[in-house]
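Presented below is the structure to which this report refers.
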Amino acid sequence: MASTPGDLPTSILVQCRPCINASCPHNNYLTVSRTGLIKLSHGDRLPEEVPPDESCSLDVADQGPQTLERVGEIMGLTRERVRQIEVKILAKLRAVIELREGDKSAWHD
């Protein structure tokens with residue numbers, strides 16, 4: 001039976017990073033859309049050629065805040081496209097927060 005990252009001790013996971021497994025959900029090498037379209041973020045490089053600090057979204061997050069340009073470089077997107085995605089994600093997060101706050105007020109009425 002194959003193990004998943006959730007089944008492995010943290011010490012093993014740390015030793016495995018940077019992961020060159022392009023199918024890992026945290027790997028920045030490729031993106032698969034809901035429609036099944038595959039986009040290579042680093043189309044001119046093999047997975048093992050991607051710098052370690054760019055290969056895993058967890059490692060990128062550990063580096064702290066990033067500029068839109070830097071995120072675009074890592075993900076193979078333009079600065080403007082990163083900004084558009086940021087706006088969309090923030091709107092979704094606000095909607096979730098509003099729903100949760102609405103649920104809480106319903107219990108208090």
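FYI, it's all coordinate maths here, none of it is from the lab. Every value quoted in this text rests on a predicted model; they were computed, and no experiment measured them. Glycine also receives a Cβ, built like all others from the backbone with ideal geometry; neighbour counts cover every protein chain displayed.
Modelled this way, with points 7 Å down the Cα-to-C-beta line, the labels at Thr35 and Glu80 are 2.0 nm from one another.
Please arrange Glu54, Glu48 by how many other C-beta atoms lie within 10 Å of their C-beta, fewest to most.
Working: Glu54 20, Glu48 11.
Arranged by neighbour count, lowest to highest, Glu54, Glu48 become Glu48, Glu54.
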